[in-house]
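Please read the structure below before turning to the comments.
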Amino acid sequence: MANETRVKIKLDLTEDQAGALAQMCKRMCHSHFVELSSRFSKYPDGRLEIDHMMEAEAVLARALRDEGFAPR
């Protein structure tokens, strides 16, 4: 993973959209990722798509929390 190229994504959301997105992140559970990911897609690092999806969601949730959108 150390050699992965990082990508910055800028989002321009309303506060309501950011709050709703934070709620979505809070409500996502393992079964959602299982349902939405390909069980057969492996990425160049050899890891499954579900692993990358779950990590990306965690990064998104942290970014939202850091901006003050941390639903309880």
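Readers should treat all values here as calculations from the given coordinates under stated rules, not as data from a laboratory. Nothing here was measured: the structure is a model prediction, and the numbers come from that model. Using ideal geometry, Cβ is built from the backbone for each residue, glycine included, and neighbour counts are taken over all protein chains shown.
Total residues in the stretch 14-32 satisfying the condition of being of a type outside the set (Gly, Ala, Ser) and over 14 Å from Glu55 (Cα atoms): the figure is 8.
The helices (runs of 4 or more DSSP H) falling completely within the stretch 1-66 that include 3 or more residues that are in contact (Cβ under 8 Å) with a residue 24 or more places away in the chain, surrounded by 10 or more Cβ atoms within 10 Å (Cβ to Cβ) and within 12 Å of the chain's Cα centre (by Cα) map to 15-27, 49-66.
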